[in-house]
Amino acid sequence: MNNNTHIFTRSRKYIDQRVWLTMVILSLLSLGLLGYKVASNVQCVPFEIALKGYTAGMDHSYYVGEEVGFSTHMKGGTSIVWDFGDHSEGKGPNVTHTYNTEGTYMVTATVNGKCVESVSISIRSMHQPISLTTTIPNPITGPDAVHALEPINLTASGAGSSYEWTVLNSPDFPVQTAQIATYTFLSAGTRIIELKIDNDPKKVFRKTLQVLPALETGPSQPLVNDNMPPPVVAPPPSMQKEEPGKDAEPEKPKTTIVPNEEFVSMLNQVTEGKKDLASFNQYLCNGGQTKVLANGTDWETLISFYQMINDKKKYDIKSVEAVRDPETNCVTVLKVKYKKRTLGVF
């Protein structure tokens, strides 16, 4: 018997047992590493960046000094970091940013440190010339700034046979076709007025209006409708013709038409505790008992809907459609779409 045989020289199936032991240990380490990667891995599913702000006449185009909102959500996304393209950053699913210089910026959202999505936006000066033509001077005359609730007249100084006045990004404002357009804006912000003369694409002009906060005055006066043309003065009674055998019926008073976007702004102010229920009465047929259709399924009264959202910032009003009485213009139904924040996310 050979006494020089050592235990570590033993073999199994012609392979040294030390080799077998090394292979088992490496296999266990590999399985553990694989399990960790599977457990910690987050798949990069497609996601989008949503933008919010007052556009400068084109998609993804905003003004210098204006707040631009960015938001994105991805299932499984726990960390979202924003690069606004101007050497500044933000964090979270919903952020806002203000650009101080004109230019084009690439905004990038990075989710969980690995999933990336980008969008390009353009920032332009609010005061740069905005006439769409270079050969014809801009014929729109009128002030560059006005306080909310104050009527303003804009005049087309150039000769033409037809005029079309439009408030851009505000489809609820009907087109005005007189040479003088009259507006009364109910809230502060920036408005872009477009004028087309003689339906000629070469005669399209724009003017930017800065609407300042309303001045505080005495008791509130009836508001002038944003969209009504200048009032027509009736002839003296002696010049009015009356049809024989018919008594003139008194005309029902008309209610001020408020664009749907103004109702959105007012209801969002309710969620911030800045607007009370009485602010809506002048536009409604039935006051607080006005019907509200919430998210297309739930019927409420304005009183109950107000109590639900008042001073609760977790509600975000997305859109409002007002149904009006055809004779008096007062609102009979408000169709409201909103989102509710859950655990800090809409």
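Some notes on this structure:
- Ranked CYS330, CYS285, criterion: other C-beta atoms within 10 Å, fewest first: CYS285, CYS330
- Neighbours of CYS115 by Cβ distance under 13 Å: Lys/Arg scored +1, Asp/Glu scored -1, total 0.
- Between SER162 and GLN210, the contour length at 0.36 nm per residue exceeds the Cα-Cα span by 14.6 nm.
- Residues of the stretch 298-315 with amide N under 18 Å of a point placed 7 Å along Cα→Cβ from THR332: 299-302
- Gyration tensor (alpha-carbon) shape descriptor, the stretch 254-340, a/c threshold 1.5: prolate
- With the simple spin-label model, which puts each label point 7 Å out from Cα in the Cβ direction, the ASN260 to ASN138 separation comes to 3.0 nm.
- Label-point separation in nm, LYS91 to HIS60, each point 7 Å along Cα→Cβ: 2.8
- Count Lys and Arg as plus one, Asp and Glu as minus one, and take only other residues whose Cβ is under 15 Å from that of ILE197; the net charge is then +1.
- Scalar couplings 3J(HN,Hα) for the stretch 317-322, obtained by applying the Karplus form with A = 6.51, B = -1.76, C = 1.60 to θ = phi - 60°, are 6, 8, 7, 9, 10, 8 Hz; x denotes Gly and Pro.
- Taking LEU28, LEU209, LEU334 and counting other C-beta atoms within 10 Å, the order from fewest to most: LEU28, LEU209, LEU334
- Relative to the current alpha-carbon distance between THR297 and GLU150, full extension at 0.36 nm per residue lengthens the span by 49.1 nm.
- Long pairs among LYS91/LYS337; LYS314/LYS339; LYS312/LYS337; LYS314/LYS337; LYS312/LYS339; LYS75/LYS312, criterion Cα-Cα beyond 18 Å: LYS91/LYS337; LYS75/LYS312
- The ranking of GLU117, GLU48 by Cβ neighbour count inside 10 Å, starting from the fewest, reads GLU48, GLU117.
Computed from the coordinates by the stated procedures, all read-outs in this text should not be read as laboratory data. Source: prediction; values computed, not measured. Cβ: placed from backbone, ideal geometry, glycine included. Neighbour counts: every protein chain shown.
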